[in-house]
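Colleague: One structure follows; several queries about it will come next.
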Amino acid sequence: MRRTRPRTWLPAAHPHRALAAGAVLLLAAGPAALVPAPTPTASPGPTPTAAAGPAGPRDRGSQLYLASCASCHGPQGQGTQQGPSLIDVGAASVDFQVSTGRMPLTHVEQEARRGKPAFSAEDIAALVDHVSSFGGGPQIPRVAPGNLNSGRELFAANCAPCHATTGAGAVLTNGWIAPPVYDATPVQVAEAIRVGPGLMPVFPSQVLSDAQVNDLTTYVERLRSERLDRGGNPLGRLGPLAEGLVGWLVALVALVGAIRWLGRRAGQ
């Protein structure tokens, strides 16, 4: 038989030698093998924009309106069950109600009364501008000096039946009142004439011209400065008839007292 040479098996490489061989191969391959391949990224698309929505309050007037007026008059001035519409009321009406402190109301009442304004002059102007954007209506009047005598006649014919000849005001029906005119500025008087707040009638330019409104504001300004105080106690400016009656009563009491005193001295 033919003798065959036994096959010799090579021992497996030592683990440390295998690691060394791998390191040599990496160095031979160069630094490119050490840098990982860049991960592909999607190309940047257009930046998404927010969906268009309703414009928020961007000015002082709209902020004041939403905070103090919208709950009763609606966010667009359309009115609610708690307050009338402000569409087409005009700048004069808004300025009068806010500058005289009648609005905003602190509680529900039949007739808003004059009080301290809740806003500064700048805030009132911003609020007037915002509400004016709801529609048209009378603008704030431009007041100029007028004729005093004409104003007196106009006041006696159109204002005195409710506000009294002295401008002190009076009580009307069903709890309504015609307020005193002493605290009103000339612009507020002219605004009231044009818009007719409360039960007051509206006097448009077809009824009272701008010149006649100036005459009225001039006379009311005189009432405001003098208040018809011509000496003595004004007695709340109730008018000449009431003041004369009080004077007669005082004189009568003094006369009765004098008669009784003289009678007692005569009986002694």
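Colleague: DSSP loop (so not H, G, I, E, B), at most 10 other Cβ within 10 Å: list which trypsin sites (Lys or Arg not before Pro) in region 95-166 pass both filters.
Modeller: Filter output for region 95-166: 142.
Colleague: Can you list residues from other chains, or at least 5 along the same chain, whose modelled amide H is less than 5 Å from the amide H of residue 170?
Modeller: The list, which skips near neighbours in sequence, is 178.
Colleague: Something else now. Which FRET efficiency value, to the nearest 0.05, do you get for residue 107 and residue 252 by plugging their Cβ-Cβ distance into 1/(1 + (r/R0)^6) with R0 = 41 Å?
Modeller: 0.35
Colleague: Could you sort 109, 191 by accessible area so the largest value comes first, with the probe set to 1.4 Å?
Modeller: The most accessible residue leads, giving 109, 191.
Colleague: With θ set to phi - 60° and the Karplus curve 6.51 cos²θ - 1.76 cosθ + 1.60, what are the ³J(HN,Hα) couplings of region 97-106 in order, to the nearest whole Hz, using x for Gly and Pro?
Modeller: With the stated coefficients, region 97-106 comes to 5, 7, 6, 8, x, 6, 10, x, 6, 8 Hz.
Colleague: Using a probe radius of 1.4 Å on heavy atoms only, what accessible surface per residue do you get for region 66-206? Whole Å² is fine.
Modeller: Each residue of region 66-206 exposes 54 Å² on average to a 1.4 Å probe.
Colleague: Taking the Cα-to-Cβ direction at residue 174 and at residue 76 and moving 7 Å from each Cα, how far apart do the two end points lie in nm?
Modeller: With each label point 7 Å from Cα toward Cβ, the separation is 3.2 nm.
Colleague: How much of the accessible area of region 103-177, in percent, comes from carbon and sulfur atoms when a 1.4 Å probe is used?
Modeller: Working: 2610 of 4640 Å².
Whole-percent figure for carbon plus sulfur exposure: 56.
The values are calculated or read from the model by the stated rules, or taken from the named source; none is laboratory data. Keep in mind it's a predicted model, so treat the numbers as computed, not measured. Quick reminder, even Gly has a Cβ in these numbers, built from the backbone with ideal geometry, and neighbours come from all protein chains shown. Surface accessibility is based on the protein's heavy atoms, side chains included, excluding ligands, DNA and RNA. Shrake-Rupley method; radii C 1.70, N 1.55, O 1.52, S 1.80 Å.
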